[in-house]
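Okay, structure first, notes after.
Throughout, read-outs are computed from the coordinates displayed, never taken from laboratory work. Here the structure is a predicted model, which is why all the values come from computation and not from measurement. With ideal geometry, Cβ positions are generated from the backbone for all residues, glycine too; neighbour counts draw on all protein chains shown.
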Amino acid sequence: MRTLLVLTNVPDRAAAERVADLLIEKRLAACVNILACHSVYRWKDAVQHDEEHPLLIKTTADRYAELEAALRAAHPYELPEIIAVPIERGLTAYLDWIAAETK
């Protein structure tokens, strides 16, 4: 089973918790870590400085399409960052847990 780390950012803690709860309830993710950061980016020809909450989402490749669709539907941004990175190695028991929690 291929395991993925999916990254996205949302604008506030409430949105982060809402998205995380949705993904866990639907078994699209085994775990979602909610972080806090300051982001600097260009959007519509202006440099933006915003507080954001990155989400580190652990899932499997088999669940990715459904996870992406759920993220797009629930995400508050017009163009959400959704990036999936394959997890090449990790503690086997933890990777097995991710697979079991997303079945």
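List the residues, sorted by chain then number, that are 5 or more residues from HIS75 or on another chain and whose placed amide H is less than 5 Å from its amide H.
It is none; the list stays empty.
Of ALA74, PRO86, VAL47, which is farthest along the charge dipole of the chain in the positive direction, counting Lys and Arg as +1 and Asp and Glu as -1 at C-beta?
Of ALA74, PRO86, VAL47, it is PRO86.
In whole Hz, with x marking every Gly and Pro, tabulate ³J(HN,Hα) for the stretch 63-75 from phi via Karplus 6.51 cos²θ - 1.76 cosθ + 1.60, θ = phi - 60°.
Ordered by residue, 3J(HN,Hα) equals 9, 4, 4, 5, 5, 4, 4, 5, 4, 4, 5, 9, 6 Hz.
Less than 13 Å Cβ to Cβ from LEU7, Lys/Arg counted +1 and Asp/Glu -1: what total charge do the surrounding residues give? It would help to have the intermediate numbers written out before the result.
Numbers: positive: LYS58; negative: GLU52, GLU68, GLU81.
Value of the local net charge: -2.
Treat every Asp and Glu Cβ in the chain as -1 and every Lys and Arg Cβ as +1, leave all other atoms uncharged, and give the resulting dipole magnitude about the Cα centre to the nearest 20 debye.
On the way: 12 positive and 16 negative charges, 59 e Å.
That gives a dipole near 280 debye.
For the chain, what are the per-bin percents of Cα-Cα distances with bins 5 Å wide, up to the bin holding the maximum?
Result returned by the calculation: 2, 13, 24, 24, 16, 11, 6, 2, 1, 0.
Which whole-number percentage describes the relative contact order of the chain, with Cα contacts under 8 Å and a sequence gap of 6 or more?
44
Which residue fluctuates the most in the chain, going by a Gaussian network model with Cα springs under 10 Å, if the choices are LEU28, LEU91, LEU67?
It is LEU91.
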